[in-house]
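S.K.: Would you mind keeping the following structure in view while I ask a few things?
The values are calculated or read from the model by the stated rules, or taken from the named source; none is laboratory data. What you see is a predicted model; the values in this text were computed from it and never measured. We place every Cβ from the backbone using ideal geometry, glycine too, and count neighbours over all the protein chains shown. Heads up: the accessible areas ignore ligands, DNA and RNA and are worked out on the full protein's heavy atoms, side chains in. Shrake-Rupley method; radii C 1.70, N 1.55, O 1.52, S 1.80 Å.
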Amino acid sequence: MTKRIEEVETWKEYTHKTLRHVFSLKEDQATRAVITKRIEENARVTGTNMYILILAILIASIGLNMDSTAVVIGAMLISPLMSVIISIADAIANHDLNELRVGLKRFLFQISVSIITSWIYFSLSPMSVASNELLSRTHPTFWDVIIATTGGFAAIIANTRKSTVTNVIPGAAIATALMPPLCTVGYSLSSHSWSYAFGAFYLFFINSIFIAMASVLGLYIMGLTRNDHLVKSKKRLISIITIVAVVAVPSAFMGVESVRESTIESNVKQYVEDQFVFDNTAVVKTSYSRDLMRINVALIGDFVPEDKIKEIEAKASLYRLDDYTIRVTQTSLEQGMSEEEVRNLLAQEEDRVLSSTQETNKLLQEAQALLDAQAAAKQLRYKTADELLVLYPEVKSCGFSEMRNADGETVSELILVVDELMEEEKVEIIGKWVRSKFEMDERVLEIVQVESSSLKHLQQEEVREEVVEEVVE
């Protein structure tokens, strides 16, 4: 029994030593002096590093403009931005305020140069359409926080080894993507897309903050700091936690929205793949709109009966798409058509749908413009009436109305309620003043004076008629 206990203890000790050896970072760790010198040299913003930064920004901008992932990755490989963040993390970990000030100045200078360089490029570039690579950098999520944190840990581990000949640092630079968001900010400024600029800079800010935090923790865990306490006071700890929360919480909400979008996209794809299966008819295009709550499915081939379409629409609830309207468009395909004819037919259908959409949008814009014009005219009438009452005290009340004359023309009438009828000259002056306000000619505006006494008489007659009706009833 004693022998077995000894064997178990020996096995535990062996396992413990093996695991410590496997996960130890001490074996190939460089000295503190070597690490400090390396971080300082890599963080310089003069000479070689400055040229590399500008060239990397130009390469990344071209890659984003051309929607080329490979070119963007190449730019991230040579970008020196990560090194300055590591130097800031080293200053924070060692409570070195002087090094921190220098690091922050360098970082702000690099950010400014990067944004200006990309802004100049996109201002001169003939390609002004936002590519998918650009748009993907405008909506950061909580996944970016996780990537930046893990990338920061990887980068600081690689920077503290005896040999830096490794693919870890370039890999971390690619994963955390510091360069593309800054290029996207430059593009957004050149195209005055302020929401894109905010989203892209927020992504860059997230990456920078969490790379630095992970690097600080990494240095502390590996025992490469000159201080025993990472945070010296509870006040600083609360400040750090507050900063992390302020930075991370918005991205968490965006992450939830991204998950919802991905879920809906997956459900729509699965729904179409499962239900829109026919022998001689194929799905050529699928799209959906969360704003309109609509799924568009374009079919080509033999005509699918309406009852079959209704049956498929009813099954949308099985894919959690109950609130979506299914819109199916069908294009007949004659037998013996060539591939080129099919392509032309699809192109015509897309042009028809696009033209219809554009026409609808145009009609909506015209309707909105008409409503805006009517509202503005109504507001001007109210304002003109108020001014008229102030300028001419003899006018007790006034208002506008529209009439149709015998020639079928619309004529505006300005009705003035007065105690005594005004002279024609004064009425003419009022008419000229009103016409100048509305830019009318004489034929369009007529002025009618109504004596208040006759108006009261009419009101009394109306009341009398109502009383007589009540008595008769």
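S.K.: Out of the residues in segment 80-113 meeting the condition of being over 31 Å from the mean Cα position of the chain (by Cα) and charged (D, E, K, R), tell me which one is most open to solvent (accessible area, probe 1.4 Å).
M.R.: The extreme case among them is Arg101.
S.K.: Okay, next question. Consider Ala367 carefully, then state whether it is part of a helix (DSSP H, G or I) and at pLDDT below 65.
M.R.: Yes.
S.K.: Separate question: Which residue pairs have Cβ atoms closer than 6 Å, lie 6 or more positions apart in sequence or on different chains, and pair a first residue in segment 423-441 that is in a helix (DSSP H, G or I) with a second residue that is open to solvent by 40 Å² or more (accessible area, probe 1.4 Å) and not aromatic (Phe, Trp, Tyr)?
M.R.: Val427/Ile447; Gly431/Ile447
S.K.: Right, something else. Filter segment 118-155 for residues that are of a type in the set (D, E, K, R) and crowded, with 21+ Cβ neighbours inside 10 Å; which is modelled with the highest pLDDT?
M.R.: Residue satisfying both the conditions and the ranking: Asp144.
S.K.: Related question: Given the criterion at pLDDT 85 or above and either more than 20 Å from Leu189 (Cβ to Cβ) or out of contact with any His (no Cβ under 7 Å at 6 or more places or on another chain) (or both), identify the matching residue among Ile115, Ile78, Ile73.
M.R.: Ile115
S.K.: Could you check segment 45-74 and list, in sequence order, the residues that are in contact (Cβ under 8 Å) with a residue 12 or more places away in the chain and among the β-branched types (Val, Ile, Thr)?
M.R.: Of all residues in segment 45-74, those in contact (Cβ under 8 Å) with a residue 12 or more places away in the chain come to 45, 49-50, 52-69, 71-74.
Selection gives Val45, Ile52, Ile54, Ile57, Ile59, Ile62, Thr69, Val71, Val72, Ile73.
S.K.: Please determine, by comparing only the residues of segment 284-304 that are part of a loop (DSSP other than H, G, I, E, B), open to solvent by 70 Å² or more (accessible area, probe 1.4 Å) and not acidic (Asp, Glu), which one is modelled with the highest pLDDT.
M.R.: Going through the qualifying residues, I end up with Phe303.
S.K.: Restricting to segment 41-58, what's the tally of residues that are at pLDDT 85 or above and either of a type in the set (Phe, Trp, Tyr) or more than 23 Å from Gly186 (Cα to Cα) (or both)?
M.R.: So the count comes out to 1.
S.K.: Mind listing whichever residues of segment 21-68 are hydrophobic (A, V, I, L, M, F, W, C), surrounded by 15 or more Cβ atoms within 10 Å (Cβ to Cβ) and in a loop (DSSP other than H, G, I, E, B)?
M.R.: Ala30, Ala43, Val45
S.K.: Then there is this: Among the residues of segment 179-229 satisfying the criterion of being more than 32 Å from the chain's Cα centre (by Cα) and in a helix (DSSP H, G or I), which is surrounded by the fewest Cβ atoms within 10 Å (Cβ to Cβ)? Step through it out loud before you land on a result.
M.R.: The initial filter retains those residues of segment 179-229 that are more than 32 Å from the chain's Cα centre (by Cα), namely 217-229.
Subset that is in a helix (DSSP H, G or I): 217-221.
Values: Leu217: 17, Gly218: 22, Leu219: 25, Tyr220: 18, Ile221: 14.
Checked segment 179-229; the qualifying residue surrounded by the fewest Cβ atoms within 10 Å (Cβ to Cβ) is Ile221.
S.K.: What's the number of the condition Lys232 fails, among (1) at pLDDT below 80; (2) part of a loop (DSSP other than H, G, I, E, B); (3) more than 30 Å from Ser208 (Cα to Cα)?
M.R.: Every listed condition holds for Lys232 apart from (3).
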